[in-house]
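Undergrad: Let me begin by handing over the structure; questions about it come next.
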Amino acid sequence: MSELRRDVVINRALLTNPALDSSAIAVRGTVFHVFTEAGDHDVTILRDGRVTGRFTVAVEPEGAVPQVNVDLARLAADADRSGNVTGHYAIREGGVMGFAVGLGVGRYAVVISHTAGGGSRTVLDSRGQLPAGDLFAVTLITPGTYRATNLASQAQLQITVARPGRDEPYSPARPTLVRAGDDGFDPAAAHILAGQSIVLLAETPARFLVEPVPSGR
């Protein structure tokens, strides 16, 4: 008789289909920030308004990696009582850091300040709008119709998520890029398969909300 394993962790966030908001990063949503200026950047992580982690990113003109991805839930778990995260992050100028949540139901925000030259200037506060050049990626796993809204302009994008066909080529790792600018979303509609991702590129400052459309609407 087989024994029931007790060390299996069920990610219950994947069993629901909530709205995904770039200002409240949760499971299935990722904010990508582009570091356009060399120098040190202080990063503060917040969960539900409370600071859960702090670390520094060194942005170097050359030699560093072009992309780093961090799990905000894991960082919060690894931080000390003061919220400081052990570890050094270095990224190439023009590189990207992705902020995602791997587990749990918490919603997170990221504040990044450029600290070179003795001062401090906020370059990202994800609780508000993402700056031009940043991206918000969402993975949609339940077939149906979704609506993406840029809350900065009220522009809307319809996303259709279909179930993969039995003989249809399927690549969940292939994302679909949609640009969000002054004239709305381009393209104006998107079609993906369940488990694939939509990447929304902010060509102007934007806050994105992606939510399922109730059937019948």
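Undergrad: Summing +1 for each Lys or Arg and -1 for each Asp or Glu, what net charge is found among the other residues whose Cβ lies under 14 Å from the Cβ of Arg121?
TA: Net charge in that neighbourhood comes out at -4.
Undergrad: Between Ala132 and Arg163, how many nm apart are label points set 7 Å from Cα along the C-beta direction?
TA: 4.4 nm
Undergrad: Another question about this same structure. Wrap a convex hull around the Cα atoms of the chain, take a quarter of its surface area, and give that in square nanometres.
TA: 16.2 nm²
Undergrad: Would you mind getting me the FRET efficiency between Arg121 and Gln156? Use the beta-carbon distance for r and R0 = 35 Å, nearest 0.05.
TA: Efficiency for this residue pair is about 0.60.
Undergrad: Under a point spin-label approximation (7 Å from Cα along Cα-to-Cβ), what is the Gln67-Ala90 distance to one decimal in nm?
TA: 2.1 nm
Undergrad: Looking at the chain, send over the antiparallel percent of its DSSP beta bridges, to the nearest 5.
TA: Antiparallel: roughly 75 percent of the beta bridges in the chain.
Undergrad: Net charge near Ala38: determine it from the other residues with C-beta under 12 Å of the C-beta of Ala38, scoring Lys and Arg +1 and Asp and Glu -1.
TA: Summing Lys/Arg as +1 and Asp/Glu as -1 gives -4.
Undergrad: 5 Å is the cut-off here: which amide hydrogens, built 1.01 Å from N in the peptide plane, fall below it relative to Arg107, excluding neighbours closer than 5 in sequence?
TA: HN-HN under 5 Å from Arg107: Asp48.
Undergrad: How big is segment 39-100 along each principal axis, measuring the range of its Cα positions in Å and listing the largest first?
TA: 34, 20, 17
Undergrad: Give the accessible surface of the chain per residue, rounded to a whole number of Å², with probe radius 1.4 Å and ligands, DNA and RNA excluded.
TA: Here the per-residue accessible area is 54 Å².
Undergrad: Related question: With Cβ to Cβ distances under 12 Å as the rule, what net charge do the other residues near Val110 carry (K, R +1; D, E -1)?
TA: Here the charged neighbours net out to +1.
Undergrad: Continuing with this model, one more query. Under 11 Å from the 7 Å Cα→Cβ point of Thr176, by amide nitrogen: which residues of segment 119-143?
TA: 140
Undergrad: Right, next: Tabulate in residue order the Karplus-calculated ³J(HN,Hα) for segment 165-182, using 6.51 cos²θ - 1.76 cosθ + 1.60 with θ = phi - 60°, rounded to whole Hz; enter x for Gly and Pro.
TA: Using θ = phi - 60°, the values come out as x, 4, 10, 8, x, 9, 10, x, 7, 8, x, 10, 8, 10, 8, 10, x, 4 Hz.
Undergrad: Size of the dipole of the chain about the Cα centre, Lys and Arg at +1 and Asp and Glu at -1 on the beta carbon, nothing else charged, in debye to 20?
TA: Taking the Cα centre of the chain as origin, the dipole is about 840 debye.
Undergrad: Return a whole-number percent for the relative contact order of the chain, with Cα pairs under 8 Å and 6 or more residues apart as the contact set.
TA: After rounding, I find 23 percent.
The values are calculated or read from the model by the stated rules, or taken from the named source; none is laboratory data. Just so it is clear, the structure is predicted and the values come from calculations on it, not from any experiment. With ideal geometry, Cβ positions are generated from the backbone for all residues, glycine too; neighbour counts draw on all protein chains shown. Each accessible area value is taken on the protein alone, full model and side chains, heavy atoms only, with ligands, DNA and RNA left out. Shrake-Rupley method; radii C 1.70, N 1.55, O 1.52, S 1.80 Å.
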